[in-house]
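Shown next, in structure tokens, is the structure this report addresses.
The values are calculated or read from the model by the stated rules, or taken from the named source; none is laboratory data. Quick caveat, the model's predicted, so the values are computed rather than measured. Heads up, the Cβs are rebuilt from the backbone with ideal geometry, glycines too, and the neighbour counts pull from every protein chain shown. Note: areas computed on protein heavy atoms with side chains; ligands, DNA, RNA excluded. Shrake-Rupley method; radii C 1.70, N 1.55, O 1.52, S 1.80 Å.
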Amino acid sequence: MRKELTMLSDSTVPADMPADEFRRAGHALIDWIADYLTHLDQIPVLPDVQPGEIRDRLPKSAPATGEPIDEILRDIDRIVMPGMTHWNHPNFMAYFAISSSGPAILGELLSAAFNVNGMLWKTCPACTELEQTVMDWLRQMIGLPESFWGMITDSASSSTLQAIAAAREMVKEHPIRQKGLFGAPRLRLYTSEQAHSSVEKAAIALGLGIESVQKIAVDRDYRLDCRLLAQSIASDRETGWLPFCTVATVGTTSTTSIDPIPEIADICAREKLWLHVDAAYGGSPAILPEFRHVLNGCDRADSLLFNPHKWLFVPIDCSAFFTRRPDILKQAFSLVPEYLKTDQDQQAENLMDYGVQLGRRFRALKLWFTIRYFGQQGLGERIRYAIDLAQSLAKKIDQHPHFERLAPTPYSTICFRAHPPEIQNEKELDRLNQQLLDTVNTTRQLYLSHTRLHGQLTLRMAIGNLHTTREHVDCAWNLIQECWKSIYKQVT
Ligand SMILES: Cc1ncc(COP(=O)(O)O)c(C=O)c1O
């Protein structure tokens, strides 16, 4: 067999792309990416396409025979670019601004080239150990104590699911892992009404059901009300629920409010509830000394996540998940079939033991590249700059007679609306602000998102992209004012 193979001429072996061709196309693609990132602000942030339009430009079935790589690369401009929403654009200020930096893109490229599956230490020692190392760097960078152990997951949603599964594993009244939920006490978990939908989604996925999630009202600043949390736990105990977990948020999705973690930690300690902190957006600024306080009290949490793919300049996906109870996490998830047993199981971490997924890619590379290239100081300077830009704009909004902010701005996401003094009808204000949002986004020069706060339609402007400068923010504010002028003229 071996002999036969060696006798085949090169051209008859169905092999990979030849190295020379890969090198040439790779250089061309890197050039394309460098140009793309350099000139992004010269193209619209939003595409001008209707649903189905991109699909119509694509063949209905796969090519039977191969196509030249140059043709494939050409179709990036011809087919893909017209349908692109550019998340890496300096004027992308919708949702949370995210960025993939140069070093992170290179790390991601290398990860695809290595293509390891780090399910076990043995299946790639470097993958496991680099991940453990960068997680420990991140832990130190945000000031968590050494008792926290970390791993990378794909998303905050997965990190929260894992945390709640671990919390559930702590329930002593019923062996849920073994027996399932049938016959188990009715479990209750607490989170604020401003928490991300991933908390409820985790409850659905874990079979707890949406009713297991008790949403606690927030105070004027959109922070979980601890008095109501304590009351809710007490009344649930009286009516037969078993409270087991609280999910607090540092940087809520709508307003970036920060729940009072020290007080919540007191309640969780007293009531013996697992405390999970979702700091998906709000955790990264804790690498700055002046923002370390946002994680006050988190040293007492059982688990915490933050997303480097939101605000640490690495491309999606990358969520940093920490827990003080890796033993419980492992107890919840570890299941080792014969074919995955190795001689090193007693001496090394097998990351498959700590979550749902078995196969795991080498995500640590992009973090390692990014942290090393910028350093903690460099990363911090970039985050600080974005926060400065947002704080300056917040002041301008406060000074404008036709605009108001609808929530505090602790980071760099501004919640605001147009509200001229003579219009008090809330329905009319909603209509005008929807029109403002649509008008701004229709220009495709700027992308804003919205939320509803106390029933009021609220515009959200999230600053934080690595390429966003003061000039971009000034232009964005000018555009918003221009669009508002044209709308206001029609109603007065
Ligand atoms: C506070 C918070 N938690 C969780 C998530 C979900 O993040 P992911 O897409 O990583 O699951 C978000 C997304 O914006 C968020 O703002």
Residue pairs within 8 Å by beta carbon, gap of at least six or interchain, first lying in the range 73-86 and polar (S, T, N, Q), second not in a helix (DSSP H, G or I), listed first then second, are T85/V45; T85/L46; T85/P47; T85/F92; T85/Y447
Checklist (1) open to solvent by 40 Å² or more (accessible area, probe 1.4 Å); (2) assigned to a helix (DSSP H, G or I); (3) in contact (Cβ under 8 Å) with a residue 12 or more places away in the chain applied to L393, failing item: (1)
Every pair of residues 6+ apart whose Cβ atoms lie under 7 Å, when the first sits in the range 353-364 and is modelled with pLDDT of 95 or more while the second is open to solvent by 70 Å² or more (accessible area, probe 1.4 Å) and not in a loop (DSSP other than H, G, I, E, B): D353/K330; Y354/K330; F362/F114
Selection count, the range 171-192, where residues are open to solvent by 20 Å² or more (accessible area, probe 1.4 Å), touching a strand residue (DSSP E or B) at 6+ places or on another chain (Cβ under 6 Å) and not basic (K, R): 1
Which is open to solvent by 40 Å² or more (accessible area, probe 1.4 Å), among the polar types (S, T, N, Q) and touching a residue at least 60 places away in the same chain (Cβ under 8 Å), of Q399, Q424, Q445, Q377? Q445
It is to be established whether one or more residues within the range 392-410 are closer than 30 Å to I152 by Cα, of a type in the set (G, A, S) and in the same structural domain as E482 (by TED's automatic domain parsing). no
Give me a count of the residues in the range 43-72 that are in contact (Cβ under 8 Å) with a residue 12 or more places away in the chain and of a type in the set (K, R). 1
Is it the case that the range 149-157 has a residue that's within 15 Å of the ligand (Cβ to nearest atom), over 18 Å from R300 (Cα atoms), in the same structural domain as N350 (by TED's automatic domain parsing) and out of contact with any helix residue (DSSP H, G or I) (no Cβ under 7 Å at 6 or more places or on another chain)? yes
Here the qualifying pairs (Cβ atoms under 6 Å; residues six or more apart or on different chains; first in the range 94-116 and under 30 Å from T442 (Cβ atoms); second in a helix (DSSP H, G or I) and within 16 Å of the ligand (Cβ to nearest atom)) come out as F96/K310; I98/K310
How many residues are crowded, with 22+ Cβ neighbours inside 10 Å and either away from the ligand (no atom under 16 Å from the Cβ) or among the polar types (S, T, N, Q) (or both) if we restrict to the range 213-232? 1
Residue under question is T451, and the condition is that it be within 30 Å of V218 (Cα to Cα) and either open to solvent by less than 10 Å² (accessible area, probe 1.4 Å) or among the hydroxyl-bearing types (S, T, Y) (or both); does it hold? yes
Matching residues, the range 34-60, being touching a Gly at 6+ places or on another chain (Cβ under 6 Å) and assigned to a helix (DSSP H, G or I): I54
Where a residue in the range 202-226 is free of Cβ contacts under 8 Å to residues at least 60 places away in the same chain and more than 10 Å from D259 (Cα to Cα) and its partner, wherever it lies, is part of a loop (DSSP other than H, G, I, E, B) and open to solvent by 50 Å² or more (accessible area, probe 1.4 Å), with Cβ under 8 Å and at least six apart: G207/L181; L208/L181; K215/E193; I216/E193; A217/E193
Just to check your reading of the model, which residue among A205, A248, A195 is at pLDDT 95 or above, open to solvent by 40 Å² or more (accessible area, probe 1.4 Å) and either within 16 Å of the ligand (Cβ to nearest atom) or basic (K, R) (or both)? A205
Would you check if there is a residue in the range 350-366 being within 19 Å of I98 (Cα to Cα), more than 16 Å from the ligand (Cβ to nearest atom) and hydrophobic (A, V, I, L, M, F, W, C)? yes
Of the conditions (1) surrounded by fewer than 21 Cβ atoms within 10 Å (Cβ to Cβ); (2) within 15 Å of the ligand (Cβ to nearest atom); (3) among the aliphatic types (A, V, I, L, M); (4) closer than 25 Å to H293 by Cα, M135 satisfies every one except a single condition; which number is it? (2)
Could you go through the range 79-92 and let me know if any residue there is in contact with a Cys (Cβ under 9 Å, 6 or more places away or on another chain) and modelled with pLDDT of 95 or more. yes
